[in-house]
Amino acid sequence: MAEILKAKKPEYIRKYDYIRYFYRPKDEWFYSTKDLEKYIHDLMMKNIINNQFYFDGIDDEDEVGSNDENEIDSYTAFKELEADNEDLDQNNPKIYEGNLIDQKSKIYIENYFKEEFKNQGISDVDVIDFSNFKLSNDKQYTKTLNWIKSHKYSIMFQPTFIAKNKAIAKPDALIQNNGKLIIIETKGTTNPKINHLVDVYYQNQVLSESLKGENYYIVDYYLCLIKYELSKLRELSFVLTRNCSTSKTGFDTQGVKKLDLSFEEKIKINAAIKEGTSSSFSHEDCSIKSLLGNEQSLKPRSAKIYDEFYEQYLASDDKFWSIIDELYNFAPSGKYPSLEPNICYKSKVKNNDYWLALRDYYYFLYDTKGVNKFPALQFSGNFIRYKDAIDYCNNQGILNKTDDEFIKWMVDVATADKESVEKRMMKYLKSVCYHSSIYNCSYEETSVLFFNKLKSKKVYFDFESLNIATRVVNNYPPFMQVVNQVSIIFDHGDKNLKLVPYIVVDPINGISKDDFKMIIDSIMPDKNLNKCREYSYVVYNKSFEQTRLKEMAQYINEPIYNQKVEIIISNIYDLADLFNIKSIENIAVIFKELKGFYSIKKILPLVEKYDLKSFKDTGCKNYKTELEQITNGGEAQSASTKRFFGLLNDKEWAITKENLGKYCDNDVRAMIAVEYFLRNIFAGKIKF
């Protein structure tokens, strides 16, 4: 059995517990995220050992993707761990940056509101950070009330309020201007989301109740976000916004990518959208006041899904306090959490914060007879939506069903997007182990169809990057995927693979324009650019590499590098297109064993299983058993980020750099192995 796990129900309900109400089932409400992740990991290790099921992990592309909007809120993660009384590992780059955001955002808020007071002719403003006092919650509450009553103009950080002896609120900042209060919540992201609104709503309710009968009034709200702007190396900049999206992913900035504008102009437009001050691209921007219902004249311009959520949870004080009562009166059983699939894991507020660990767990949760307990949850989200999978699991339970039986069930009951779902299901169902998307044609014809655009001369390459709020490049925006690593293999048309020494830029002093030039130059197979056009540039999931190349060229801003990047992109070849079930019309091969997944880390084990010669000829290594320290993209980002923050010394970095190189090099070798594997399938050389 896994290590004993104990629920940690706090003395008072906190905002973290309130938000967890929406994205966790009851029996997981009061476990810390860190404890749950460890518990799930221990269960998986026990299952792997006892049942000998091989599991290669949920890969980056399938679950995280190369999403340019993917921002890790290190501040909230840091604060939640702190609230859960977890040991804060200062060698963890997420904790390190969360602490940085905490310190620097306070300086920004203090300076901003001192200037606001100054504009009103008020110079005597008191500032206090209650987090510096290590007192009990009750004493912090008393100290907060005494401070408010004795300091008419003040800026407070982490004050404490307790309401009905059940709920506690510690807003990140609270501004008092002679009885008028402004609540500020800080977030380590550039884009305000609905869970941030729920956060502010909680603070509003608890403070209002706590101060009832006193002569204090909440008059405004702000979110303090990471400012989306160009700024200096190692800089963290902030902005205050009164607006919030009603979506759990924030305001949509995808339309900006299509605009024919300069890098700087796109940054400015993106900033306006993310701060909710532009309505040109988003129809759902709305003030926090109107979303909280404090200004009835302002009708929330929102989707139906938000209106339903608002009416169910945010429309009245009674509804809020009924949830607090439910949380406060809930008694943890003392047993281990069931980890049963639940629709709230993908709630309207936010996705569960340990979803990837759960997904790993479901992927190989087998009963004593070797039958998967939740078969629908083994499939890619591109194949079956989570709510449909949950519906199947809830209705069917533990059944000895084959994939074919499950797919038939899905085709029968799919209600949303039925035509698309049915096409995917039936195509998948018709495959035996693999199947050409061009029915009744020979392997040779299929091979020509899908490889006629792939030239005999090839450059295989793969990037790794950093993606954090702190600027890694001078005069750059936050959360930009900054390439600091590339691995390359040339095939000059003779099938003799020439491995180029991998490049791993040491980020300790940031990434420079010259580093970007070196990375682009290394991909070019010849100094003669006309000869470079004779090559295909082979990647896996091209959107990531294409976007990074364009960004680097824009930052360099020299015609020759624009030309080099244009050559690469116009001749790019994406092997993932042959497996990606999202592009159903273009699929060449479907493997039942993949269950709708298609990342390189899912495909490579099939090469090792069915075409060991290609696996060995290309020098591939098994990601789980033969690579050290770095086995996936998340670990690669974390390692480089640690070095950027100075959490790795020179000796440690030398070892890490070598492991980073081996990992990225294996990604490139895996691409070549997959290509050879496909060619052998189409040539009829592999029997299944």
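The values are calculated or read from the model by the stated rules, or taken from the named source; none is laboratory data. Just so it is clear, the structure is predicted and the values come from calculations on it, not from any experiment. Positions of Cβ are generated from backbone atoms using ideal geometry, with glycine treated the same way; all protein chains shown enter the neighbour counts.
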Has the stretch 491-502 got at least one residue that is out of contact with any His (no Cβ under 7 Å at 6 or more places or on another chain) and under 30 Å from GLU229 (Cβ atoms)? no
Of the residues in the stretch 151-170, those that are under 35 Å from the mean Cα position of the chain (by Cα) and surrounded by fewer than 14 Cβ atoms within 10 Å (Cβ to Cβ) number 0
Whichever residue in the stretch 639-668 is hydrophobic (A, V, I, L, M, F, W, C) and touching a Pro at 6+ places or on another chain (Cβ under 7 Å) and, among such residues, is nearest to ASN91 (Cα to Cα): LEU647
Taking the stretch 599-653 only, how many residues are hydroxyl-bearing (Ser, Thr, Tyr) and either within 23 Å of the chain's Cα centre (by Cα) or more than 30 Å from LYS687 (Cβ to Cβ) (or both)? 6
How many residues does the stretch 543-554 hold that are surrounded by fewer than 19 Cβ atoms within 10 Å (Cβ to Cβ) and either in contact (Cβ under 8 Å) with a residue 24 or more places away in the chain or farther than 22 Å from GLY633 by Cβ (or both)? 4
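Residue-wise test of (1) under 22 Å from GLY98 (Cβ atoms); (2) β-branched (Val, Ile, Thr); (3) modelled with pLDDT under 90; (4) over 22 Å from the mean Cα position of the chain (by Cα).
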| residue | (1), (2), (3), (4) |
| --- | --- |
| ILE183 | yes, yes, no, yes |
| THR186 | yes, yes, no, no |
| LYS193 | yes, no, no, no |
| GLN205 | no, no, no, yes |
| TYR216 | no, no, no, yes |
| THR253 | no, yes, yes, no |
| LEU261 | no, no, yes, yes |
| ASN270 | no, no, no, no |
Quick one: ASN165 ticks every box in (1) closer than 19 Å to GLU214 by Cβ; (2) assigned to a loop (DSSP other than H, G, I, E, B); (3) touching a strand residue (DSSP E or B) at 6+ places or on another chain (Cβ under 6 Å) bar one, so which box is it? (3)
Identify all residues within the stretch 490-526 that are in contact with an Asp or Glu (Cβ under 7 Å, 6 or more places away or on another chain), closer than 19 Å to TRP653 by Cβ and either in contact (Cβ under 8 Å) with a residue 40 or more places away in the chain or assigned to a helix (DSSP H, G or I) (or both); write none if there are none. TYR502
With respect to LEU261, is the statement that it is in a loop (DSSP other than H, G, I, E, B) and either touching a strand residue (DSSP E or B) at 6+ places or on another chain (Cβ under 9 Å) or not assigned by TED's automatic domain parsing to the domain that holds TYR21 (or both) true? yes
Here the qualifying pairs (Cβ atoms under 7 Å; residues six or more apart or on different chains; first in the stretch 645-657 and assigned by TED's automatic domain parsing to the domain that holds GLN485; second of a type in the set (A, V, I, L, M, F, W, C) and part of a loop (DSSP other than H, G, I, E, B)) come out as THR656/LEU648
With the condition being among the small types (Gly, Ala, Ser) and within 26 Å of the chain's Cα centre (by Cα), I'd like the helices (runs of 4 or more DSSP H) fully within the stretch 527-597 carrying at least 1 qualifying residues. 542-556
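Residue-wise test of (1) within 23 Å of the chain's Cα centre (by Cα); (2) surrounded by 18 or more Cβ atoms within 10 Å (Cβ to Cβ).
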position: ALA7; (1), (2): no, yes
position: ARG14; (1), (2): no, yes
position: LYS26; (1), (2): no, no
position: ASP35; (1), (2): yes, yes
position: ILE40; (1), (2): yes, yes
Lone unmet requirement of (1) assigned to a loop (DSSP other than H, G, I, E, B); (2) buried (at least 23 other Cβ atoms within 10 Å of the Cβ) for TYR221: (1)
Whichever residue in the stretch 209-232 is free of Cβ contacts under 8 Å to residues at least 40 places away in the same chain and not charged (D, E, K, R) and, among such residues, is farthest from ASN177 (Cα to Cα): GLY213
Within the stretch 142-150, can one find any residue that is buried (at least 16 other Cβ atoms within 10 Å of the Cβ) and either within 37 Å of the chain's Cα centre (by Cα) or not assigned by TED's automatic domain parsing to the domain that holds ASN215 (or both)? yes
Condition first: closer than 30 Å to ARG385 by Cα and buried (at least 22 other Cβ atoms within 10 Å of the Cβ). Can you find one or more residues in the stretch 620-627 that meet it? no
Being surrounded by 22 or more Cβ atoms within 10 Å (Cβ to Cβ), touching a residue at least 24 places away in the same chain (Cβ under 8 Å) and among the hydrophobic types (A, V, I, L, M, F, W, C) is the requirement here; does ILE194 meet it? yes
If we keep only residues of the stretch 1-42 that are of a type in the set (Val, Ile, Thr) and at pLDDT 95 or above, then the residue nearest to SER136 (Cα to Cα) is ILE13
Scope the stretch 161-205; condition of a type in the set (A, V, I, L, M, F, W, C) and under 13 Å from LEU240 (Cβ atoms); matching residues: ALA173, ILE175, ILE182, ILE183, ILE184, VAL200
For THR249, the lone unmet condition from (1) touching a residue at least 60 places away in the same chain (Cβ under 8 Å); (2) surrounded by fewer than 22 Cβ atoms within 10 Å (Cβ to Cβ); (3) of a type in the set (Val, Ile, Thr); (4) touching a helix residue (DSSP H, G or I) at 6+ places or on another chain (Cβ under 7 Å) is (4)
Looking at the structure I just gave you, is LEU240 out of contact with any Gly (no Cβ under 9 Å at 6 or more places or on another chain), in the same structural domain as HIS151 (by TED's automatic domain parsing), surrounded by fewer than 22 Cβ atoms within 10 Å (Cβ to Cβ) and not aromatic (Phe, Trp, Tyr)? yes
Single residue of the stretch 609-647 satisfying the filter (assigned to a helix (DSSP H, G or I) and of a type in the set (Ser, Thr, Tyr)) that is farthest from VAL472 (Cα to Cα): TYR610
Residue hits (the stretch 325-355; over 23 Å from LYS6 (Cβ atoms) and either modelled with pLDDT under 85 or among the aliphatic types (A, V, I, L, M) (or both)) are ILE343, VAL349
LYS104 farther than 25 Å from LEU314 by Cβ and more than 28 Å from the chain's Cα centre (by Cα): no
